[in-house]
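Asks: Sharing a structure with you now.
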Amino acid sequence: MKKTISCIFVLSLAISAFCAGFTAGKTVYVSVKTAKVKNGTSFFAKNVGNVSYGNSGTVVQSNGKNTQVKFSNGVTGWITNGSLSSKKIVASTGSAGRVSTTELANAGKGFSAEAEKAFKSSNKNLDYNDVDELEKVSVSDAEIQNFIEEGHLSRGEE
């Protein structure tokens, strides 16, 4: 019983920390390959710019799910908290030369070329070609807007 209560307490602390968002004035870093920065917090808010893995910015305000950030590339707007990290992300090129954003994003998640090779060798029956093709798909804001209008969809919650 004591263990269960302790686990619930720790879990509730973790959830509250995750939902709390980021503190105004603090520096945050983009932790995904690319992300859209929007003029509002709804899913269908207008895109005001894009940021890439490792881009930094200063928190303006946070509402728990989304954070308004002024990025170092001049873009200011809202981005989902899942695309941000408070840990500094630095791109470094060693003797191997330049690295791609995909490699940087994977490295930030602890997935190196060596880890990928080991995973592939122990899972020889898995085929990720469809995943690779899906990652190449890009839908423009105009296409999304058209889809919303044709489907008579709501704009999502603010």
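The values are calculated or read from the model by the stated rules, or taken from the named source; none is laboratory data. Just so we're clear, the structure is a prediction, and the values are computed from it rather than from any experiment. With ideal geometry, Cβ positions are generated from the backbone for all residues, glycine too; neighbour counts draw on all protein chains shown. The area values use the complete protein model at the heavy-atom level, side chains included, leaving out ligands, DNA and RNA. Shrake-Rupley method; radii C 1.70, N 1.55, O 1.52, S 1.80 Å.
Asks: Return the residues of the range 27-37 that are open to solvent by 40 Å² or more (accessible area, probe 1.4 Å), farther than 11 Å from residue 56 by Cβ and in a strand (DSSP E or B); say none if nothing qualifies.
Replies: Of everything in the range 27-37, those that are open to solvent by 40 Å² or more (accessible area, probe 1.4 Å), farther than 11 Å from residue 56 by Cβ and in a strand (DSSP E or B) turn out to be 34, 36.
Asks: Another question about this same structure. Here is a check on your reading of the model: is residue 149 of a type in the set (Asp, Glu), in a helix (DSSP H, G or I) and modelled with pLDDT of 75 or more?
Replies: yes
Asks: Considering only residues of the range 67-82 that are of a type in the set (Ser, Thr, Tyr) and within 14 Å of the chain's Cα centre (by Cα), which is modelled with the highest pLDDT?
Replies: 67
Asks: Give the number of residues within the range 120-145 that are at pLDDT 80 or above and under 25 Å from residue 66 (Cα atoms).
Replies: 8
Asks: Another question about this same structure. Does residue 117 fit the bill of being at pLDDT below 85, over 15 Å from the mean Cα position of the chain (by Cα) and open to solvent by 80 Å² or more (accessible area, probe 1.4 Å)?
Replies: Yes, satisfied.
Asks: Hey, another quick one. Looking at the range 45-84 only, could you name the residues that are in a loop (DSSP other than H, G, I, E, B), out of contact with any Ser or Thr (no Cβ under 8 Å at 6 or more places or on another chain) and crowded, with 16+ Cβ neighbours inside 10 Å?
Replies: 45, 54, 75
Asks: Which number in (1) in a loop (DSSP other than H, G, I, E, B); (2) at pLDDT 60 or above; (3) over 18 Å from the mean Cα position of the chain (by Cα); (4) hydroxyl-bearing (Ser, Thr, Tyr) marks the one condition that residue 95 misses?
Replies: Just one mismatch for residue 95, condition (2).
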